[in-house]
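Here is the structure we will look at, set down as structure tokens.
The values are calculated or read from the model by the stated rules, or taken from the named source; none is laboratory data. Note that the structure is a prediction, hence the values are computed from the model and not measured. Every residue, glycine as well, gets a Cβ built from its backbone with ideal geometry; the counts of neighbours run over all protein chains shown.
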Amino acid sequence: MIHAAGLVPFTTIDFPGRLAAVIFLQGCPLRCPFCQNPALQSPDTPTDTDWTDIFAFLESRRNRLDGIVLSGGEPLMMPGITSLAEYIKSLGYQLAIHTSGVYPDRLRDLLPLIDWVGLDVKAPRDKYDLLTGRPHMVDKVWESLTILRDNRIDFEVRTTCDPRYLTIDDIARLGKELAAANVSTYVLQTYRTFDGDINPPEESAIRSFFRDQALQDQLSALFPHYGTR
Ligand code: SF4
């Protein structure tokens, strides 16, 4: 069974061009050292969010929201995602998935239901184990990227720049790897500190990626659509 970890009833930024709500699903197989919500990692942790309330919400917002985002955690971790996605689509919503890309087979199965994907690519290939806290994930992520690209799914790749684990050179190398794979939309995300952040990075280090004009120029040149947030 999938546990729902929370609901954001309205967003204009999580599903490009659509008015949407976000459903957060419990469970993630990764152990990113910078994870801001480790409570989401176990799929078995009981939550206060009741599916009855979410289903009532989905029924009530038909024709008022364009889409629903399934996020996590890792929303593709649990097999029940297919039934949930089918139900959301049956109500007339467009569907977006925010994923770390570590379940390429499940992603492939869901393609007919998906309208947009936000794919986290966390590091260049040689640093993937460090950034995810798990070995052998990088090939799965790149398989997911290839699936999205080859099936012409509308998707964005994004990377969160935590200066404790990534350098400007890492992002420059990752940009080249992604451009070589014909990624067209890439977003560099600011690391945001949070309550309980152990040894948080300096603001100047966080901003260094975005102030480095050579890096920004390189990424702007590599991708037809490049942005920061
Ligand atoms: S993928 Fe997201 S939820 Fe999972 S461990 Fe990494 S940061 Fe946390």
(Q) When you scan segment 55-68, do you find a residue that is modelled with pLDDT under 95, near the ligand (Cβ under 10 Å from one of its atoms) and farther than 27 Å from Arg108 by Cβ, even just one? (A) no
Q) When only residues in segment 132-159 that are buried (at least 22 other Cβ atoms within 10 Å of the Cβ) and hydroxyl-bearing (Ser, Thr, Tyr) count, which is farthest from Gln213 (Cα to Cα)? A) Ser144
**Q.** Residue check, Phe15 assigned to a strand (DSSP E or B) and either among the charged types (D, E, K, R) or modelled with pLDDT of 95 or more (or both)
**A.** no
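Condition check ((1) assigned to a loop (DSSP other than H, G, I, E, B); (2) over 29 Å from Pro201 (Cβ atoms); (3) of a type in the set (S, T, N, Q); (4) touching a Leu at 6+ places or on another chain (Cβ under 8 Å)) across all residues:
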position	(1), (2), (3), (4)
Cys32	yes, no, no, yes
Asp48	yes, yes, no, no
Ile54	no, yes, no, yes
Glu59	no, yes, no, yes
Asn63	yes, yes, yes, no
Q: Determine if segment 205-228 includes at least one residue that is modelled with pLDDT of 95 or more, under 25 Å from Cys28 (Cα atoms) and of a type in the set (Phe, Trp, Tyr).
A: no
Q) Do the conditions hold for Ser83, that is, is it within 16 Å of the ligand (Cβ to nearest atom), hydroxyl-bearing (Ser, Thr, Tyr) and closer than 25 Å to Asp150 by Cα? A) no
Q: Please enumerate the residues belonging to segment 175-229 that are among the polar types (S, T, N, Q) and closer than 22 Å to Asp150 by Cα.
A: Asn182, Ser184, Thr185
